[in-house]
1. Go through the residues of the stretch 100-110 one by one and say whether even a single one is closer than 22 Å to Thr223 by Cα, of a type in the set (A, V, I, L, M, F, W, C), at pLDDT 95 or above and more than 27 Å from the chain's Cα centre (by Cα).
2. List the number of the failed condition for Ala161; all other conditions in (1) assigned to a strand (DSSP E or B); (2) buried (at least 22 other Cβ atoms within 10 Å of the Cβ) hold.
3. From Leu180, Leu211, which residue is in contact (Cβ under 8 Å) with a residue 60 or more places away in the chain, in the same structural domain as Ala101 (by TED's automatic domain parsing) and not in a loop (DSSP other than H, G, I, E, B)?
4. Which one of these does Ser217 not meet: (1) assigned to a strand (DSSP E or B); (2) crowded, with 24+ Cβ neighbours inside 10 Å; (3) not charged (D, E, K, R)?
5. More than 23 Å from Gly116 (Cα to Cα), in contact with a strand residue (DSSP E or B) (Cβ under 7 Å, 6 or more places away or on another chain) and modelled with pLDDT of 95 or more, is that true of Ser175?
6. Of everything in the stretch 49-90, what is in contact (Cβ under 8 Å) with a residue 12 or more places away in the chain and surrounded by fewer than 16 Cβ atoms within 10 Å (Cβ to Cβ)? Give them in sequence order.
7. If the requirement is being surrounded by fewer than 22 Cβ atoms within 10 Å (Cβ to Cβ), within 29 Å of Gly221 (Cβ to Cβ), out of contact with any Lys or Arg (no Cβ under 6 Å at 6 or more places or on another chain) and among the hydroxyl-bearing types (Ser, Thr, Tyr), which of these qualifies: Ser143, Ser177?
Amino acid sequence: MELNVSVAPSWRVFTAWISGALMLSLAAAGVALAPTSAHAIGVAVPLGTADSFAVLGGQSVTNTGPTTITGDVGVFPGTSITGLTPVMVNGAIHQTDAVAAQAQSDLTTAYNNAAGQASDVTLTSPGDLVGQTLAPGVYTAASSINLSGTLTLDAHGNPNAVFIFQIGSTLQTASASRVLLINGAQPCNVYWQVGSSATLGTNSTFVGNILALTSISVTTGATIDGRALARNGSVTLDTNVITRATCAAGSTTGGITAGATGGLIAGATGGTTAGATGGLIGGTTGGTGGLIGGTGLVGGTGLIGGVVAGTTAGTTAGTTAGTTAGTSGGATAGGAGGQCQDQCSPCQDQCSPCQNLCDKCQDQCKQCDHTCGTCDQGCGAHQSDARSLAKS
């Protein structure tokens with residue numbers, strides 16, 4: 001049996017139609033696709049093998065009191081780690097070994113990367129960051145920086161936002177001072193490149209990765225959500241809690257990028273490609289059913305949800321509606337005609353005089369022989385022809 005179903009418009013026409021519908025949808029949602037400003041916002045500093053370390057010293061690591069460390073501890077080229085027992089460290093201790101040596105090498109690379117990024121803002125130095133709320137970017141101080149109270153870092157809803165502080169000489173925080181993260185900011189994306197040494201005051205709450213050229217002193221009761229990594233000098237601890245900062249799952253390419261890109265691409269591509277390809281190509285015998293499956297583009301308007309809200313709703317609505325509608329409409333309607341024709345060819349050959357009564361051959365590929373038997377019995381005037389064909 002041959003079905004005379006014309007394959008719809010050309011791809012060029014179809015693509016133009018899709019593009020027009022996409023732009024109208026975006027316009028209706030009030031989404032402006034404008035380029036970002038040429039702002040030299042920093043990028044995450046690659047820590048290499050130093051990433052697994054919470055504490056790394058060049059000369060020594062010294063602790064007093066019941067410090068708790070989550071992450072590796074190491075020293076190189078120095079040889080001294082004192083006051084820390086394995087029970088205090090939720091990680092490995094690397095004392096002048098190859099792992100510590102490589103971590104120090106990678107720390108040097110990371111330090112230079114942080115120091116070399118283009119500056120967005122020049123800080124007054126010597127200066128105090130107390131009371132400020134800062135957006136993502138690269139902040140540069142020619143000499144020392146202090147923190148006597150609270151510093152707030154605001155990611156503006158972007159979990160991938162990066163904050164880099166390039167400090168010419170010393171970093172010093174006062175007792176009970178703190179770094180506060182809001183609106184999605186993550187400790188893993190905060191970097192303090194310190195040109196000499198850093199000192200954190202008693203009972204202070206510090207956030208971010210300290211990359212110090214010389215030494216780091218973490219005084220009594222201070223906590224770090226990040227890392228204390230010293231290139232040439234010592235790291236001195238006293239009854240501290242230090243937790244190696246890790247980014248939340250999916251944030252590296254996630255958040256706004258995943259929401260917008262995933263929503264736009266999954267919605268548009270999932271709806272358009274799955275709908276068009278599954279509907280038009282796969283559905284040659286699906287005919288109208290396949291093409292209507294292609295209107296999974298309507299499901300693809302979930303891309304508006306992805307662009308505007310940047311959430312799973314955009315991706316899910318676009319992908320599910322587009323893929324399901326396109327695949328089901330095209331693959332189901334077209335698949336029956338594609339796969340079943342090959343499997344039912346003996347049935348078609350035997351029942352050729354009775355094609356009008358053998359519709360089940362198209363729908364029930366596994367029952368071709370029985371369907372042809374039924375066709376044989378119901379052929380009426382063609383009964384003898386069907387029987388003779390069945391015997392041949």
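1. If we filter the stretch 100-110 for residues that are closer than 22 Å to Thr223 by Cα, which is where we start, we get 107.
Within this subset, residues satisfying the condition of being of a type in the set (A, V, I, L, M, F, W, C) are 107.
Narrowing the set further to residues that are at pLDDT 95 or above leaves 107.
Those left that are additionally more than 27 Å from the chain's Cα centre (by Cα): none.
Among the residues of the stretch 100-110, not one is closer than 22 Å to Thr223 by Cα, of a type in the set (A, V, I, L, M, F, W, C), at pLDDT 95 or above and more than 27 Å from the chain's Cα centre (by Cα), which makes the answer no.
2. Every listed condition holds for Ala161 apart from (1).
3. Numbers: Leu180 fails: in contact (Cβ under 8 Å) with a residue 60 or more places away in the chain.
When all the criteria are applied, what remains is Leu211.
4. With respect to (1) assigned to a strand (DSSP E or B); (2) crowded, with 24+ Cβ neighbours inside 10 Å; (3) not charged (D, E, K, R), Ser217 is out only on (2).
5. On the way: more than 23 Å from Gly116 (Cα to Cα): yes; in contact with a strand residue (DSSP E or B) (Cβ under 7 Å, 6 or more places away or on another chain): no; modelled with pLDDT of 95 or more: yes.
No, not satisfied.
6. Thr64, Gly65, Pro66, Thr68, Thr70, Pro77, Thr79, Ser80, Thr82, Gly83, Asn90
7. Working: Ser177 fails: surrounded by fewer than 22 Cβ atoms within 10 Å (Cβ to Cβ).
One residue alone meets the criteria, Ser143.
The values are calculated or read from the model by the stated rules, or taken from the named source; none is laboratory data. Note that this is a predicted model, so its numbers are computed, not measured. Virtual Cβ from ideal backbone geometry, glycine too; neighbours counted across all protein chains shown.
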